[in-house]
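These notes concern the structure reproduced below.
Any read-out appearing in this document is the output of simple, stated calculations on the displayed coordinates, not a laboratory observation. Predicted model, so just to flag it, every value in this text is computed and none were measured. Don't worry about glycine lacking a Cβ; one is built from the backbone with ideal geometry, like all the others, and counts go over all protein chains shown.
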Protein chains: 2
Amino acid sequence: MDGDRSEEHHHHDIEIEGGHSFERKISGILDDGSVGFRQPLLARNRKNTTSQIAIVGANSCPIESLDYEIFENDFFKQDWRSRKKIEILQYTFLKWALAFLIGLATGVVGFLNNLAVENIAGFKLLLTGNLMLKEKYFQAFFAFAGCNLILATAAASLCAYIAPAAAGSGIPEVKAYLNGIDAYSILAPSTLFVKIFGSIFGVAAGFVVGKEGPMVHTGACIANLLGQGGSRKYRLTWKWLRFFKNDRDRRDLITCGAAAGVAAAFRAPVGGVLFALEEAASWWRNSLLWRTFFTTAVVAVVLRSLIELCRSGRCGLFGKGGLIMFDVNSGTVLYSTPDLLAVVFLGVVGGVLGSLYNYLVDKVLRTYSLINERGPRFKIMLVMAVSVLSSCCAFGLPWLTQCTPCPIGIGEGKCPSVGRSSIYKSFQCPPNHYNDLSSLLLNTNDDAIRNLFTSRTENEFHISTLAIFFVAVYFLGIITYGIAIPSGLFIPVILAGASYGRLVGRLLGPLSQLDVGLFSLLGAASFLGGTMRMTVSLCVILLELTNNLLMLPLVMLVLLISKTVADCFNKGVYDQIVTMKGLPYMEDHAEPYMRNLVAKDVVSGSLISFSRVEKVGVIWQALKMTRHNGFPVIDEPPFTEDYELCGIALRSHLLVLLQGKRFSKQRTTYGSQILRSCKARDFGKAGLGKGLKIEDLDLSDEEMEMYVDLHPITNTSPYTVLETLSLAKAAILFRQLGLRHLCVVPKTPGRPPIVGILTRHDFMPEHVLGLYPHIDPLK
Amino acid sequence: MDGDRSEEHHHHDIEIEGGHSFERKISGILDDGSVGFRQPLLARNRKNTTSQIAIVGANSCPIESLDYEIFENDFFKQDWRSRKKIEILQYTFLKWALAFLIGLATGVVGFLNNLAVENIAGFKLLLTGNLMLKEKYFQAFFAFAGCNLILATAAASLCAYIAPAAAGSGIPEVKAYLNGIDAYSILAPSTLFVKIFGSIFGVAAGFVVGKEGPMVHTGACIANLLGQGGSRKYRLTWKWLRFFKNDRDRRDLITCGAAAGVAAAFRAPVGGVLFALEEAASWWRNSLLWRTFFTTAVVAVVLRSLIELCRSGRCGLFGKGGLIMFDVNSGTVLYSTPDLLAVVFLGVVGGVLGSLYNYLVDKVLRTYSLINERGPRFKIMLVMAVSVLSSCCAFGLPWLTQCTPCPIGIGEGKCPSVGRSSIYKSFQCPPNHYNDLSSLLLNTNDDAIRNLFTSRTENEFHISTLAIFFVAVYFLGIITYGIAIPSGLFIPVILAGASYGRLVGRLLGPLSQLDVGLFSLLGAASFLGGTMRMTVSLCVILLELTNNLLMLPLVMLVLLISKTVADCFNKGVYDQIVTMKGLPYMEDHAEPYMRNLVAKDVVSGSLISFSRVEKVGVIWQALKMTRHNGFPVIDEPPFTEDYELCGIALRSHLLVLLQGKRFSKQRTTYGSQILRSCKARDFGKAGLGKGLKIEDLDLSDEEMEMYVDLHPITNTSPYTVLETLSLAKAAILFRQLGLRHLCVVPKTPGRPPIVGILTRHDFMPEHVLGLYPHIDPLK
């Protein structure tokens, strides 16, 4: 029996990380009798049905998983033990310094973004307004639409040719990254560049898009760039930054970056922290909360100082309008039962409309992806078409409404006004009249929201105006998301929600005593709750936006109602986009059907493992033939008494080890020698796409026949589960600890020491339900 | 060799959960040759050096760990599979209904608490004030001190005789519970009763204590009571509540309760959620965030409605003063560089003073515990002594300050005022003069804080007044915490911090343009940051208290600085108390030295395991002789081919199974029979102290010789770690998944299928460093 078992161990299984399309059978490539490949067992011959390609931005892109576990190999331990006090201080100092820099950079970018948008859009609107005052209507339209088209084309070209990953909101990608899914393009410097400028051009081009999602993505990109310590190409790396060359510390930075992005977009520091906590991050701890808070505090201070600088008028057309802070001054908010009923009604309908929004966005995205797939030119043409449509709506719809006489008692020159953010815009109207719809449509989105939230002027918006505007932004928002420009979802949803709320407020006016401005705010809350399904962070963001804590209970009520209603229909918009893009997101709970399966039921592919002292050729072959990222290392006789699991070695570390060429002619352990001659920092994680590739190795035939001791790079403390552990529990373990590879070990003795490796893809519903199609997903 | 191994397996190891004082060796009790006890191996003979007794409230009390893992035994699976859609709906409905009820009950209790305090303290203060106006100073003092003494004695008697666990803040206990440490008394109904009334009497008695900590504890007790579904004694249980008879769902409820407590105490719903997240909970998920938010929203609405009811004056002396909401109306907050420097100075000194506060509280607590240990009478005497001292300070210190002439232009009857919350109190002063210190000391704590936060009257507090008040409340707060009454720490810290801040504001007046009311708020923030070390939740609570978002950046800055400074000296006050009470709290990070150890290094005690089909007598013996709560169950031949780990059985389930007396005369598997004849709900977790005890079993000698199949109650999916996993990783696994037992399995084949069980106590630094005294705790 003993002989039997050792026989089994001399074979090497083949495992494919998370099953990609690799299907060829590898068998008996090497002539060495003791090392070969065995036909995998039937149970392990299954193919993982989820793909390892996802759509990032608008292009498909290979993805990789991240390792949030501490990889405890000998190098790590050596480094850890030899770390001096001064180095720990350096690390702590750097953590805070980087948090500060992220806050500073994100704050500055957020401010410049606003400054640029306000100036570009302001110039455009002034030009149009002046032509309108001269009654040159066609010229005005062409000036308006032309400016929009140029800006839109610029944004689309950047996006299509330089960084396709910068298209869209970016929040789903950041969310996926923090969940452990990486793709080179998500946080690359080119993405950052396009995200900043594309967002400026896109927002200035008058699309119904926001800058909030892009700001979150921008913050994450800045954090990633700072964490990588500049570019290795330009020798701008910094020695200290080696502490951050791992997924764990980098993820912390990116969480701070995402929070800083929200803080910069909304000027909502506490809201930013909560957004990172509630929506973005999958893995959280209290010390990170504190660091995130520090970052957003820096953002708040930076923004405040910069705005202070602009107060003297040195920032062109950038006025108070920059960086939304809406004043909803409704005094003391008192409400009675009919008011509460009105609010409940608002919340329910808002929830329904919000989930319909998600549904339509999903449909439109699927349609657009057919167009976008055809290439950059089609992407740009789609953007141009939407731009022309948006311009026509913005310029055409105000003609539908009647002109309103200016209210009496208003100051000189205020109605019709010349400035751009006023609500008394002349448009085509005769003197002393104004067009209320044009003040919503022919304006920046921020100013339109501010106008909708005003409470001072009870009746300035006609019911028909609000209805037309609501329908227009609702559908424009839906068809705009998904075109190849950076496009946030917050602002379109707030715009539609605010006009919906104000409309309801006007309609229910006789029944409710609440202010229409407050109704507008509650409408925005109901739409946000219905689409994004966040509660606490949205609540705090809205409070910080409007600076009025007294309406807190009403906002909470509306958010809870609309989220509950919308949850009956579909998932939140970001989750929906994550699913649609094919990102293998791990939920924080296990699916019900997983309780009926055990870990070994889903282990897929075949398994390749190495001996502790392995032939170079075998390793090279395995690395070449598969795309696995983790390989089990087995302790074998004569080094140990029996076959034992030594641990897991990563592909990237194997490549570095092979490149170092510290081989031995004999099959002996010489790990301590390797340990002395290499340094932990050699194995630090490079920026994605910058790591070594198998093609970079140059090994002679002689070297192929030599041996290498894998012990120094093997993580000897991998998390393991027994093969009979229920899949639900394995999934929770995997997710809670942020793992990349989870070893499945046999329960009964007398078998190989490892059954297989579970990766993220093995837990995906498509994979599990593909293997067991007859299982009831709800049981 | 095979024979050898089976020999080993027929022996039963003895393991002691988390090592208590049980030391007797059990050996060869049973005459059946195949079942006996073996001398434990040397490595496992170690005694766990941490105790299983902790100080809860002021008395020591046995503690137990909680199980947040889903216990997947056959009964659970049967129940899960047979669960109908309607039952899932029931469960969902109940979850939300309970959240609603917790919010409602906590809101009402919070309101009544305030109402009672305001009326009792108001009566006392009016009585004293009227006697003072008549210049009957001695009578006034005796009335004042007498009222205080009576109230204090009442609070202390309740605490000492009915529920010692109700003493102190309660936040450390709730924090420990949510970390997985249970003691019967922590959340018992009697604790709830004493907490509510003790807190009312204690606050009304003029102690420098708050009601915030007690409110958190009250909320948690209410949640626990509702989750248990009333009392089984009075047949008030509800069938539906069986879904909540487990630690997991109960913990969720208690998290909601803790959040509701903060929300009710401060009228800060968002702050409550964040407090639960940042300080209280150890285990969090997004759906819980939403439920907690709902609970605090209910609290906010309930409080608002009840205060509305009181507006017409039907609530006695309860005025606007009830339920703190301070208005710091500093208009637009503009600040320059000297202002920022002043704020930084404030934060640094506040951090130092805050950490000194923690240090002194710790010393005082240790001294008091020597007195409190002697019995209830000593507890009461201590409370009386502190009460007399507080009364003397409150009444005596105002004589030290000079009378101030009333400001000119103030309305008739306002200076000196007759009401109780005004700042123009006459005290001993001649007409048209007032004593500013008496308005701080002879007042409720809430009103004193409100007076300190006012910005309207720049100079009404003398520097000497502020200095005397600061010193008085700083030290009174320290000596009051630890006496046997429910006593919150928030209010003493805010009082000391606000007076410190105002003092600094007055002293730095020539240098800084900031309002003294704002300085006062920032001073409170610095003290809170320095003692409690929370950031985000304190920030939001302060914002919700003061209803002014514009000072957010300054508050954030101060909190960050003071926390950073204070962290250099010691731990947060709640962590300190948790440690001092001996509660085995699991931190969310592993200690550095744990990386140098592996799991099997700390497995302590000896191990008792059962066969799958075990003799009743063996089980009974094991349950009687040890206090273990988890026993490994081993699959043995002839039921399986080899020795395998079947899973873990809990003591409570074993007791229920033995009581059911479903035994078999033969050593055969008949699990499915047991499964049919019992129901999952029989194994539901009873309220602590209500479960079966070994003494409740009545087994005949004949029954002792029979067999019982343990499979139906065995959790066949326990989490396991290999014995060579680093202890740091095992600790993270244990903590992140909220485990109670973690099985350590052997790495090399040919050994028993389980090496030992790790429990919470095995990870405690005292235990680990006790085993390895030569290890460097920092490496």
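One quarter of the convex hull surface built on the alpha carbon atoms of the range B:86-310 amounts to 13.6 nm², the projected area averaged over directions. Remark on A:Leu597: its backbone amide H falls under 5 Å from those of A:Leu727, A:Ala728, a criterion applied only to residues 5 or more positions apart or on other chains, H modelled at 1.01 Å from N. Using a simple spin-label model with pseudo-atoms 7 Å out from Cα toward Cβ, A:Phe345 and A:Asn130 lie 4.8 nm apart. Towards the positive end of the charge dipole of the range B:337-580, with charges on Cβ (+1 Lys, Arg; -1 Asp, Glu), say which of B:Cys539, B:Gly347, B:Phe378 has the farthest Cα. The Cα lying farthest towards the positive end belongs to B:Phe378.
Taking amide H atoms as placed 1.01 Å from N in the peptide plane, the amide H of A:Cys646 lies under 5 Å from those of A:Val633, A:Ile634, A:Asp635, each 5 or more residues away in sequence or on another chain.
With a ≥ b ≥ c taken as the square roots of the eigenvalues of the C-alpha gyration tensor of the range A:418-558, please select rounded if a/c is under 1.5 and otherwise prolate if a/b is larger than b/c or oblate if it is not? Oblate, because a/c is 1.5 or more while a/b does not exceed b/c. In order along the range B:771-777, the Karplus-derived 3J(HN,Hα) couplings, from 6.51 cos²θ - 1.76 cosθ + 1.60 at θ = phi - 60°, round to 6, 10, x, 8, 6, 8, x Hz, and Gly and Pro are given as x. Rounded to the nearest 20, the Cβ-based charge dipole of the range B:86-310 about its Cα centre (Lys and Arg +1, Asp and Glu -1) stands at 540 debye. Phi angles across the range A:647-654 convert, under the Karplus curve 6.51 cos²θ - 1.76 cosθ + 1.60 with θ = phi - 60°, into 3J(HN,Hα) values of x, 10, 10, 8, 3, 4, 5, 4 Hz, Gly and Pro given as x. Taking packing as the residue-averaged number of other Cβ atoms within 10 angstrom, the listed peptides A:83-92, B:370-379 run from highest to lowest as B:370-379, A:83-92.
The distance linking the range B:241-285 with the range B:702-779 is 29 Å (Cα centroid to Cα centroid, whole angstrom). In summary, the range A:555-635 shows an alpha-carbon radius of gyration equal to 1.86 times the 2.2 N^0.38 Å reference for compact globular proteins.
Determine one quarter of the surface area of the Cα convex hull of the range B:337-580, which equals its mean projected area, and express it in nm² to one decimal. Result: 13.8 nm².
Please label the shape of the range A:535-577 as rounded, prolate or oblate, based on the square roots a ≥ b ≥ c of the eigenvalues of the alpha-carbon gyration tensor (a/c under 1.5 means rounded; beyond that, a/b larger than b/c means prolate, else oblate). Since a/c reaches 1.5 but b/c is at least a/b, the shape of the range A:535-577 is classed as oblate.
Cβ crowding within 10 Å, taken as a proxy for footprinting-reagent exposure, orders A:Asp698, A:Asp709 from fewest neighbours to most as A:Asp698, A:Asp709.
Other protein chain C-beta atoms within 10 Å of residue C-beta, averaged over B:707-720: 3. For the range A:644-708, report the % of Cα-Cα distances exceeding 20 Å. Result for the distance tail: 33 percent.
Just check the range A:484-634 against the gyration tensor rule for me: Cα atoms, a ≥ b ≥ c as the square roots of the eigenvalues, rounded for a/c under 1.5, and otherwise prolate or oblate depending on whether a/b exceeds b/c. Prolate, because a/c is 1.5 or more and a/b exceeds b/c.
The string of couplings for the range B:387-400 from the Karplus curve (6.51, -1.76, 1.60, θ = phi - 60°) is 5, 4, 4, 4, 4, 4, 4, 4, 8, x, 4, x, 5, 6 Hz, one whole number per residue in order, with x for Gly and Pro. Among the GluC sites (Glu not before Pro) found in the range B:676-779, those both in a DSSP coil and sparsely packed, with 15 or fewer other Cβ atoms within 10 Å of their Cβ, are B:Glu705. In terms of overall dimensions, the range B:55-174 has a Cα radius of gyration and Dmax of 24.5, 78 angstrom. Max-minus-min Cα coordinates of the range B:238-307 on each principal axis give 36, 29, 17 Å, with the largest extent listed first. Remark: the range B:337-580 carries a charge dipole of roughly 580 debye about the Cα centre, counting +1 on each Lys and Arg Cβ and -1 on each Asp and Glu Cβ. Assuming charge only on the beta carbon of Lys and Arg (+1) and of Asp and Glu (-1), the dipole of the range B:636-754 about its Cα centre is about 720 debye to the nearest 20.
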